[in-house]
Ligand code: LLP
């Protein structure tokens, strides 16, 4: 960020999210270019960040939407994503949400249990529609990521195990209002080891080959999301290595002839373009450490408290000698901390602090805990003019 931008930001009430529109643009262009050789389609996982400014950029690049609630489905469509490019996943879709998805005629519902299929069948019949569905399969691949965000193993609540899959397939084939169009996989999030994706490809190949031997084939395959980003060095790796990610699938995945292959990337598309900008309220001397108390809290950025996630932290105002601080928020919980022993230039009241790599699962997970105001997001190309 340039000094000019920093001065510019100083006029906005803190805390807020700041999105670098140019980096977002470059990231989406890089992802689209890397997906092209495999003819892969990207559905942006709205849960990462549903800010309309982000969605406008997503639309410009022709991506679809991966949604996990009826409100996300409605929001995606309202913000310009064609229903034919919307997919909807989740273990607990309510009747109202299923009815909405069918009314909107979205591309596909990714289904996770037999009781869910029964309800979709019933609601589709009531609406006189045929519901396009895909079955989410647990491929039993350990993504070696945080246990809260790993989803591809049998200990998880998500999807069908390989044992329960045949029953689900035969149910769909008999159900008059269901059209089974594909299989869906998602093994977890913040995955940086391409080996996990390679294993996923191998499992998918085996599952598809077994089904094909029984005469069962699908036009659509969805490999989920999960590509990780570099939280430690956001400036070294501002754009994730989409080339390597999609090359792994090109090399190891064997889609059936004519099969459409979709991905549901969230974090990798939007994380690095976002910063949480917060102001130092107080610098407090502790017994053995100094605390920088900022005006953003765990309600604004939950990741450190919930997943022990570490985001790179910078002081945008000071360039004094370096010192170590714990950077903490104002919420009445000890977990309201953004980092321990963080090396920062000598910091004082009023300094602006940037917490990096916050474009994904930052604003989207913000709450009004402690009755604080819901945090706002601003885009670098649409900031109010300051004087
Ligand atoms: N598809 C499905 C079915 C998912 O469950 C998810 C994320 C995605 C796609 C997108 O994954 P991504 O490309 O963003 O890794 N709040 C956590 C992350 C939760 C991810 C949930 N599912 C965090 O802040 O790290």
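What follows draws every value from the coordinates through simple rules; no lab data is involved. Values in this document were obtained by computation on a predicted structure and should not be read as measured data. Here the Cβ positions follow ideal geometry from the backbone for every residue, glycine too, while neighbour counts run over all protein chains shown.
Taking other Cβ atoms within 10 Å as a rough exposure proxy, 206, 347 sort from fewest to most as 206, 347.
Order these peptides, 40-47, 225-232, 25-32, by their mean beta-carbon neighbour count within 10 angstrom, highest first. If you can, show how the numbers build up before the last one.
Working: 40-47: 24.9, 225-232: 21.4, 25-32: 19.1.
For the peptides 40-47, 225-232, 25-32, the packing ranking is 40-47, 225-232, 25-32.
Remark: 341, 295, 142 ranked as 341, 142, 295, counting other beta-carbon atoms within 10 Å and listing the fewest first. Taken over the chain, the convex hull of the Cα atoms encloses 143 Å³ per residue.
The angle separating the long axis of helix 114-127 from the principal Cα axis of greatest extent in the chain is about 80 degrees.
Taking label positions 7 Å along the Cα-Cβ direction at both residue 322 and residue 290, the computed distance is 1.5 nm, reported to one decimal.
Take the Cα of residue 142, step 7 Å toward its Cβ, do the same at residue 382, and the gap between the two points is 4.4 nm.
Counting 0.36 nm for each residue step from residue 281 to residue 192 and taking away their Cα separation leaves a gain of 28.5 nm. Annotation: the residues 161, 278, sorted from fewest to most other C-beta atoms within 10 Å of their own C-beta, follow the order 161, 278. Where the alpha-carbon atoms of the range 216-288 are placed on the principal axes, they occupy 66, 23, 22 Å, in descending order. Between residue 74 and residue 114, the FRET efficiency from the beta-carbon distance, with R0 = 25 Å, is close to 0.40. Between residue 343 and residue 250, the distance separating the two model label sites (each 7 Å from Cα on the Cα→Cβ line) works out to 3.9 nm. Once both axes come from the Cα atoms, what is the angle between helix 21-35 and the longest principal axis of the chain, in degrees from 0 to 90, rounded to 10? The answer is roughly 30 degrees. With the convex hull of the Cα atoms taken as the outline of the range 14-84, the averaged projected area works out to 5.4 nm². Extension gain, residue 237 to residue 96, is 46.6 nm, computed as 0.36 nm per intervening residue step minus the present C-alpha separation.
Full extension of the chain segment joining residue 36 with residue 22 gains 2.9 nm, where the gain is 0.36 nm per residue of separation less the Cα-Cα distance.
Taking the square root of 5 times each eigenvalue of the Cα gyration tensor, what semi-axes in Å does the equivalent ellipsoid of the range 228-383 have, largest first? Walk me through the numbers on the way to the answer.
Values: eigenvalues 243, 60, 42 Å².
Semi-axis lengths for the range 228-383 are 35, 17, 14 Å.
Dividing the mean sequence gap of close Cα pairs (under 8 Å, 6+ apart) by how many residues the range 21-270 holds gives a relative contact order of 22 percent.
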